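Following: one structure in structure tokens, then a few remarks.
The values are calculated or read from the model by the stated rules, or taken from the named source; none is laboratory data. For clarity, every value in this text was computed on a predicted model and none was experimentally measured. Neighbour counts are summed over all protein chains in view; Cβ atoms, including those assigned to glycine, are modelled from backbone coordinates with ideal geometry. These area figures cover heavy atoms from the full protein model, side chains too; ligands, DNA and RNA do not enter into them. Shrake-Rupley method; radii C 1.70, N 1.55, O 1.52, S 1.80 Å.
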Amino acid sequence: MFSECVTVIECLLPRLNMGITEADLRWWLSGYDVSQVMIGAVASHSALQILHGAKLEGFRTLAIAVGADKRRLYSAFPGAEPDEWLMLDDYKDLMTQVEWLRKKQVIIIPHGSLVEYLGADNYSKLELPTFGNREILRWESSREKQRQWLENSGCKTPKVINDPRDIDSPVIVKYAGAKGGRGYFIARDYRDFRRNVNLDEEFTIQEYVLGCRYYLHFFFDPLAEDGYQVHGIKSNAGKTLGRLELMSMDRRDESNVDEFYKLGSLRDLREMALEPSFVVTGNMPVVLRESLLPEAFRMAEGVVSTSFELEENSRGMIGAFCLETIVTDKLEFRVFEISARIVAGSNPFVSGSSYSDINEKGMSTGRRISRCIKKAIETGNLNRILS
Ligand code: AMP
């Protein structure tokens, strides 16, 4: 059984509508037989990688899906096929299956599809032990909060244009609820903006940064005391917070912007009534020139140390995160987004990457998550990496 004791007082603490508390987590874990933990994921996004990695680390696995097609698909990948399935009529029904899942000793690994299918609000109330810090996902889901976090971390972000009449060079217009770049558009001036914009939706106008895109996949292990240690700032000044690792790096294939040039200039395309779109269709592995790595680590370290200061008593970053960057021809990074969880861009690296292989052959981000859970079980620290 989970060794840390839970006081009766902790369990009786009012929830005050604050979502899941640390006392909830401790209470659930007190009922877990940690030798029987199952790694669970919604069968989508990066689940093949997560389940495969969990199996390699010796865990039993469970997948959650809607529709028999998913189950059939996973039978094509026996190396990731889960030991058990939870089949639902609707992903929101997951909210009512939590007791059953806790009896199965499930730890959920969140990814982009889980949060999208459940909705951020439901996700924050999901009564299941979940890998990582859900509080951080709230910061991730607001563009303004993200920007604040990145800038406080010492990352340069693309300029934001508050008044569309000030557009005097190419900008990218992003809608608040847009998924996977769908609906974004480029405008060269105010006229362009007026012609394309849907004023009924909330949007942000960002400087269009010209350069090469690199999506940097990091892992922060708060339990590891060796390697590239992150140093605390402000309330944690002087403390070492844990180990930062670079797992892999990808570039997304985006349809149709990545193939647009084949049809001519932007002006030619406009004459054909075509506009570029940014819908992610796949991912490719990349590596960064080595002289840019110190800056990549500096930015990631800043993001991790600042994550502990986002709110009072923040538990900070735990596990996988991704910095979405553009490197300009001046060899400067602009970070246009952060994801505080495993990203689908890590999928090309199921059997390791040019970076993770240096430390241990065959280490994917999915497997690294299970390794972190395994180590936490061995050292009685599960409550420090879950929420
Ligand atoms: P996002 O939804 O922020 O991840 O952006 C989707 C895609 O839009 C990115 O992968 C880039 O191709 C492009 N993009 C986003 N922001 C910018 C920017 N400020 N400048 C240039 N391209 C961008």
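With coordinates expressed along the principal axes, the C-alpha atoms belonging to the stretch 135-205 extend over 39, 24, 17 Å, beginning with the largest.
Across the chain, Cα pairs under 8 Å and at least six residues apart give a relative contact order of 20 percent. Just Ser370, Ser235, Ser248 to compare: in a GNM of the chain, with alpha carbon springs under 10 Å, which one fluctuates most? Residue with maximal mean-square fluctuation among Ser370, Ser235, Ser248: Ser235.
Over the stretch 129-201, Cα pairs under 8 Å with separation of 6+ residues give a relative contact order of 20 percent. Its alpha carbons considered, the chain gives a radius of gyration followed by a Dmax of 21.5, 70 Å.
Highest average first, the peptides 302-309, 31-38 ordered by how many other beta carbon atoms sit within 10 Å of their residues are 302-309, 31-38. Under a model in which nothing but the beta-carbon of Lys, Arg (+1) and Asp, Glu (-1) is charged, the chain shows a dipole of about 260 debye around its Cα centre. Equivalent ellipsoid of the stretch 38-154: semi-axes from √(5λ) of the C-alpha gyration tensor, largest first, are 27, 16, 14 Å.
Helices in the chain, meaning DSSP H runs of at least 4 residues, each add -39500 (n - 2.57). Divided by all residues, the mean residue ellipticity at 222 nm is -8000 deg cm²/dmol.
When ligands, DNA and RNA are left out and all protein chains stay put, how many square angstrom of accessible area per residue does the chain have with a 1.4 Å probe? Can you show the working numbers first?
On the way: 18550 Å² over 387 residues.
Each residue of the chain exposes 48 Å² on average to a 1.4 Å probe.
Annotation for the stretch 345-387 versus the stretch 69-133: alpha-carbon center distance of 19 Å. For the chain, modelled as a GNM whose springs connect Cα atoms under 10 angstrom apart, the maximal fluctuation among Glu151, Glu301, Glu84 occurs at Glu84. Dividing the convex hull volume of the alpha carbon atoms of the stretch 216-347 by its residue count gives 141 Å³ per residue. Taking Val209, Val257, Val173 as the candidate residues, the one with maximal mean-square fluctuation in a Gaussian network model of the chain, Cα springs under 10 Å, is Val257. Counting only residues at least eight positions apart within a chain, or on another chain, the lysines with an alpha carbon under 30 Å from that of Lys174 are Lys92, Lys125, Lys145, Lys156, Lys159, Lys262, Lys330.
Is the stretch 62-127 rounded, prolate or oblate when judged by the Cα gyration tensor, a ≥ b ≥ c being the square roots of its eigenvalues, rounded requiring a/c under 1.5 and prolate requiring a/b larger than b/c? Since a/c reaches 1.5 and a/b is larger than b/c, the shape of the stretch 62-127 is classed as prolate. Of the beta bridges in the chain, as assigned by DSSP with both residues counted there, near 75 percent are antiparallel.
Taking 22 Å as the straight-line reach from the Cα of Lys239, the lysines in range (excluding those fewer than 8 positions away in the same chain) are Lys375.
Within the accessible surface of the chain, defined with a 1.4 Å probe on protein heavy atoms only, the carbon and sulfur portion equals 49 percent. A simple rule links phi to the HN-Hα coupling: the Karplus curve 6.51 cos²θ - 1.76 cosθ + 1.60 with θ = phi - 60°, which for the stretch 90-105 gives 8, 4, 5, 5, 4, 4, 9, 9, 5, 5, 4, 5, 5, 4, 7, 6 Hz, with x for Gly and Pro. Just want to confirm a number: the relative contact order over the stretch 309-368, from Cα pairs under 8 angstrom separated by 6+ residues, in percent. Once divided by the residue count of the stretch 309-368, the mean separation gives 24 percent.
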